[in-house]
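The values are calculated or read from the model by the stated rules, or taken from the named source; none is laboratory data. Just so it is clear, the structure is predicted and the values come from calculations on it, not from any experiment. Ideal geometry is used to build each Cβ from the backbone, glycine not excepted, and the neighbour counts take in all protein chains shown. Side chains included, ligands, DNA and RNA excluded: accessible areas come from the protein's heavy atoms. Shrake-Rupley method; radii C 1.70, N 1.55, O 1.52, S 1.80 Å.
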Amino acid sequence: MRVRPGTRPDLAALDPAGVPAGPRTKAEGLAASGELGVRLAEYQERLYAASTAGDRRRVLLVLQGMDTSGKGGTVKHVIGWFNPSGCRIRAFKAPTAEERGHPFLWRIAKALPQPGEIGIFDRSHYEDVLIARVRELAPRKVVSRRYGQINRFERALAEDGVTVVKVFLHIGRDEQRERLLERLDNPDKHWKFNAGDIEERALWPEYQRAYELALERCGTDTAPWYVVPADRKWYRNWAVGKLLEHLEELDPKYPPGDFDVEECRKRLIAG
């Protein structure tokens, strides 16, 4: 699922309902996710604990995808594994008037996780080379410069101890239609429906090309992109969780106490 740096994936050739690795059935996927969540929860605690002793490392999970690809559902699933107090979640909407008055990375920098935290972005700075490109919200030369700005920004994050995991949730156009229809059919889901999503569907080919270009231009060794099939929700959740095994690679340690254990024990017993 990892995109090789410098290569442009052909999204049309990738099956959004595929199971390229790992569990093959929903039952297997749910079981594997449960086991994974228990293991990663311990590493999250260790990461947070290590930060109290000066360890600056943290993790940033970037989720991008077309409407209904499951960005919000993935966030909900992932947070279910972790202690919420150690997570920093941000869903990026259209820029506010204040945000439009600053460089496009300004609002991103303000939302970054602190040492010891897991940050999760529901949409991100990539909106400024996706919708901005498709909808021509900025001159093409400006959008083209942003790829390099993003790469430099993410390189600086890596140098400062941020492990950046970028995920494109690859949903099929037919599956998206079914999910949008489900929202229309259920009054309790009308709040999630936006008539503008229908207009965005008409630009599906343009968005696919914009994503392919972003995956090519901004896939690096320090901040790689992963394409996760998103038609099967259970597989999407397992795959994103699997990518968070970066926590295990960091292998954070509980810091030693800066006090005399036996002396403190004696005082407690005596009291």
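In table form, for the structure just shown:
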{"item": "Answer from GLU136, GLU99, GLU178 - the residue that is among the acidic types (Asp, Glu) and surrounded by 14 or more Cβ atoms within 10 Å (Cβ to Cβ)", "result": "GLU99"}
{"item": "Residues that are crowded, with 16+ Cβ neighbours inside 10 Å and of a type in the set (Lys, Arg), drawn from segment 139-153", "result": "ARG146"}
{"item": "Residue check for ALA17: loosely packed, with under 15 Cβ neighbours inside 10 Å, over 21 Å from the mean Cα position of the chain (by Cα) and modelled with pLDDT of 95 or more", "result": "no"}
{"item": "Any hit, segment 226-236, residues being open to solvent by 40 Å² or more (accessible area, probe 1.4 Å) and free of Cβ contacts under 8 Å to residues at least 24 places away in the same chain", "result": "no"}
{"item": "Within segment 197-234, considering residues that are part of a helix (DSSP H, G or I) and acidic (Asp, Glu), the one farthest from VAL62 (Cα to Cα)", "result": "GLU199"}
{"item": "Of residues in segment 50-95 being surrounded by fewer than 17 Cβ atoms within 10 Å (Cβ to Cβ) and among the hydroxyl-bearing types (Ser, Thr, Tyr), the one farthest from the chain's Cα centre (by Cα)", "result": "THR52"}
{"item": "Selection count, segment 238-249, where residues are assigned to a helix (DSSP H, G or I) and either under 13 Å from ILE171 (Cα atoms) or open to solvent by less than 10 Å² (accessible area, probe 1.4 Å) (or both)", "result": "4"}
